[in-house]
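S.K.: Below is a structure I'd like to ask you about.
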């Protein structure tokens with residue numbers, strides 16, 4: 001019952017966070033443009049200055065909401081005079097989670113302002129996830145995974161991954177913070193996909209609230225409800241045609257929020273199921289990300305003369321493609337998920353390897369808004385698929 | 001003995017943090033200038049672009065050092081398998097302290113980039129100190145203060161301030177974050193004064209390490225040693241003539257670091273003794289800060305034709321000065337700490353009310369480097385005075 005009341009208060013605060021974010025964003029636009037934080041919308045004909053990095057606004061309202069919520073969430077324990085009964089472990093989790101999120105906000109905003117190098121983008125999330133791993137060690141230190149039934153003959157019922165499990169969690173933080181960032185570039189996609197993922201998590205947590213790990217899912221809910229509120233407010237301005245851009249700040253903020261609640265809520269595997277489009281996009285992008293083939297600065301679709309979006313292409317000399325690059329291109333051609341052309345001068349031209357461009361190849365030129373809706377549709381279908389894997393299908397691999 | 005080893009490791013990591021910060025800063029200068037984060041040095045004749053907001057670099061190296069130190073500080077407890085013995089309270093303090101510091105870094109950097117309004121500058125530190133107050137409540141909740149001997153006849157031996165004590169701590173956080181920021185404007189002063197305060201804290205903690213509250217002072221040392229390292233590296237470039245400016249980022253970062261270790265190290269009153277010049281400067285500035293008399297955008301000294309610095313002045317119409325403003329001016333005139341002139345057109349001209357200008361009035365025009373050294377000298381003398389109050393004199397007011 002008490003859980004119920006605290007959730008209601010959380011929802012009320014989140015509504016307040018939504019209203020504040022919704023009202024503050026338009027007032028800050030000029031401030032961001034004067035600070036040189038703006039970009040041009042490459043998929044529009046107009047040359048308007050669109051203020052950028054507005055993720056920092058939702059991030060800050062999220063943090064403030066969480067700070068004000070802390071005394072309420074722990075209110076019962078604070079009011080009872082015996083502090084020895086205080087749930088230190090839960091409080092530690094909350095602080096560590098907020099610390100990691102705050103660090104990523106700082107990193108994201110620095111990246112938007114300063115254009116950091118790739119090594120910073122990989123180093124800093126790793127370091128920022130350190131407190132999280134220490135907390136995991138102190139509070140749970142369960143690094144044993146249950147082996148799916150078909151593999152038990154070789155591997156046994158369970159494996160203790162030990163240190164490897166911590167490496168996995170550290171990499172999860174790095175993956176989540178960057179995965180949303182590379183599936184981006186058209187109006188409303190970053191915020192939209194985060195909203196779909198967040199709502200999927202909300203549904204999953206609500207289902208599991210009556211299960212064995214209720215506490216962990218309640219923890220996750222405390223984060224995801226305000227997150228949905230501030231994301232929704234941002235989406236209102238980021239939706240086609242975008243009045244503001246969210247910047248790396250938002251992508252890192254959203255990614256780290258997902259990572260911390262996946263890790264500390266003990267559902268990192270289910271969390272990854274909600275990231276299917278991002279995982280596909282990452283794998284599909286690897287030949288370009290790791291420079292096996294040429295990777296231009298921008299890989300977003302191009303605006304064609306009919307006002308619709310068409311896939312963008314990268315061109316490179318055949319000799320500059322490494323062996324791994326060629327193998328990837330062959331593999332993609334086999335599955336017909338690439339549009340590739342050999343030109344008369346010996347150069348090879350293929351679409352930029354992102355899920356966005358792949359969509360355009362499969363459905364043909366589309367206007368930007370429709371494309372965003374289709375991609376968010378894919379995200380939602382994948383979430384449904386994730387639930388099917390998580391619930392009916394899981395019984396094939398695990399005891400329920 | 002173990003404490004000793006951990007402090008040695010802390011010092012080694014801090015040396016590494018110093019070297020890293022020292023090497024990174026020059027490499028990032030161009031990045032900051034391209035991001036429009038630069039200012040002109042108003043006290044120099046040259047028009048060079050000086051990159052600004054470099055506090056974010058020291059802040060980040062500080063955070064990274066702390067993150068890497070956490071597993072080491074808590075290493076003994078992490079390695080013993082019985083997690084029920086883990087010192088949750090200490091770990092909570094460390095996370096809450098880092099969370100507040102990280103928030104202020106984010107706020108400070110946002111301020112440097114976006115030029116926030118005053119209400120944000122007061123609201124955000126207050127909110128950022130909330131987790132700190134919750135931690136204080138859980139871990140100590142001691143809001144009783146011992147009354148100094150001369151007042152015991154009226155007030156009794158001790159008073160329980162209750163909620164008021166939390167208001168005091170919240171205000172301490174706001175005061176510290178802004179106090180350094182308003183005693184600024186000449187090369188090396190922000191970093192220099194922070195270094196003097198930090199070294200005073202280091203000495204105080206080292207003395208108290210053999211006392212009753214060794215744990216609290218050890219906690220403070222874990223923060224202050226890396227802080228001194230990154231500040232020293234920054235001072236190398238911020239010293240006259242400045243190659244980089246530290247920005248609000250550094251002032252907020254330093255202020256919040258002092259506030260958290262004062263609050264969680266239980267020596268907030270002694271901490272305030274190290275802030276005597278800042279407190280004087282704040283009180284002296286109030287007529288302008290609260291707009292009782294005119295306050296120009298910049299109150300830094302002006303460069304005169306001889307290449308030395310002279311006090312800067314504010315002018316305002318006599319009728320625009322509020323009653324409180326007039327009372328302040330009379331009070332300051334009585335103590336001869338203001339230079340005031342009544343002009344023929346009825347306007348009143350007085351020096352901008354900062355400690356820096358007051359210094360220049362008392363000693364006459366001075367070059368910038370000497371002025372910084374004098375102000376840091378005052379800071380150091382005040383620290384010595386603080387130690388005299390804290391040790392020999394305290395016995396007059398309290399039982400030792």
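Read-outs throughout are calculated quantities, based only on the coordinates presented, and are distinct from any laboratory measurement. Just so you know, these numbers come straight off a predicted model, no measurement behind them. Cβ atoms come from the backbone with ideal geometry, glycine included; neighbour counts cover every protein chain shown.
S.K.: Just report the Cα centroid separation between the stretch A:1-45 and the stretch A:110-159, whole Å.
M.R.: 29 Å
S.K.: A further question follows. Taking 8 Å as the Cα distance limit and 6 or more residues as the minimum spacing, I'd like the relative contact order of chain A as a percentage.
M.R.: After rounding, I find 20 percent.
S.K.: From the Cα gyration tensor of the stretch B:1-116, with a ≥ b ≥ c the square roots of its eigenvalues, which class applies: rounded if a/c is under 1.5, or else prolate if a/b is larger than b/c, or else oblate?
M.R.: Prolate shape, in that a/c is at least 1.5 and a/b is the bigger ratio.
S.K.: If you count, for every residue in A:58-66, the Cβ atoms of partner chains within 10 Å of its Cβ, what is the mean?
M.R.: 3
S.K.: May I ask you to sort A:194, A:20 by Cβ crowding, counting other Cβ atoms within 10 Å and putting the fewest first?
M.R.: A:20, A:194
S.K.: Any idea how far apart residue A:207 and residue A:290 come out in nm if each label point goes 7 Å out from Cα toward Cβ?
M.R.: Computed distance between label sites residue A:207 and residue A:290 equals 3.4 nm.
S.K.: With a 10 Å cut-off between alpha carbons and a GNM built on chain A, which of A:170, A:307, A:156 moves the most?
M.R.: Answer for the Gaussian network model of chain A: A:156.
S.K.: Could I ask something else about it? In the stretch A:1-45, if every C-alpha pair distance is counted and binned at 10 Å from zero, what percent goes to each bin?
M.R.: With a bin width of 10 Å, the distribution comes to 23, 25, 24, 17, 10, 1.
S.K.: Three principal axis extents, largest first, for the C-alpha atoms of the stretch A:194-265, in Å?
M.R.: 44, 18, 14
S.K.: Mind jotting down the three principal axis lengths of the stretch B:222-354 based on Cα atoms? Whole angstrom, largest first.
M.R.: Here the Cα extents, ordered largest to smallest, are 58, 38, 23 Å.
S.K.: I would also like to ask the following. Could you grab the relative contact order for the stretch A:233-381? Cα pairs under 8 Å, six or more apart, rounded to a whole percent.
M.R.: 22 percent
S.K.: Which distances, shortest first and in nm, link residue B:302 to the matching position in the other copies, using label points set 7 Å out along Cα to C-beta?
M.R.: 5.7
S.K.: Compute the helix-to-body angle for A:276-289: its Cα long axis versus the longest principal axis of chain A, expressed 0 to 90° and rounded to tens.
M.R.: The two axes meet at around 50 degrees.
S.K.: What's the angle, to the nearest 10 degrees (0 to 90), between helix A:88-114's Cα axis and the longest principal axis of chain A?
M.R.: 30 degrees
S.K.: Now for a different question. Given the -39500 (n - 2.57) contribution per DSSP H run of 4+ residues, what per-residue ellipticity at 222 nm results for chain B, rounded to the nearest 500 deg cm²/dmol?
M.R.: The per-residue figure over chain B is -21500 deg cm²/dmol.
S.K.: Can you list the copy-to-copy distances for residue A:47, using a point 7 angstrom from Cα toward Cβ, in nanometres, shortest first?
M.R.: List, nearest first: 2.6 nm.
S.K.: Roughly what would the spin-label model give for residue B:24 and residue A:15, points 7 Å off Cα along C-beta, in nm?
M.R.: A separation of 4.4 nm, rounded to one decimal place.
S.K.: List the distances, in nm and shortest first, from the label point of residue B:161 to the matching label points in every other copy, placing each point 7 Å from Cα along the Cα-to-Cβ direction.
M.R.: Here residue B:161 shows inter-copy label distances of 4.9 nm.
S.K.: Another question, then. Using a 10 angstrom cutoff on alpha carbons, build the Gaussian network for chain B and name the most mobile of B:35, B:229, B:214.
M.R.: Result: B:35 has the largest fluctuation of those listed.
S.K.: What percent does the relative contact order of the stretch B:1-144 come to when contacts are Cα pairs within less than 8 Å and at least six residues apart? Walk me through the intermediate numbers first.
M.R.: Working: 76 pairs, mean separation 28.3, N = 144.
With pairs under 8 Å counted, the relative contact order is 20 percent.
S.K.: Give the average, rounded to an integer, of partner chain Cβ atoms located within 10 angstrom of each Cβ in A:95-108.
M.R.: Averaged over the peptide's residues, the number is 6.
S.K.: Now, a different point. Using a Gaussian network model on chain A with a 10 Å cutoff between Cα atoms, which of A:208, A:368, A:93 fluctuates the most?
M.R.: A:208
S.K.: Let me ask another. Ignore the peptide's own chain and count Cβ atoms of other chains within 10 Å of each Cβ in B:123-133; give me the average, rounded.
M.R.: Averaged over the peptide's residues, the number is 3.
S.K.: Report, to the nearest 10°, how far helix A:323-334 tilts away from the longest principal axis of the Cα atoms in chain A, using its own Cα long axis and a range of 0 to 90°.
M.R.: Once rounded, one gets 90 degrees.
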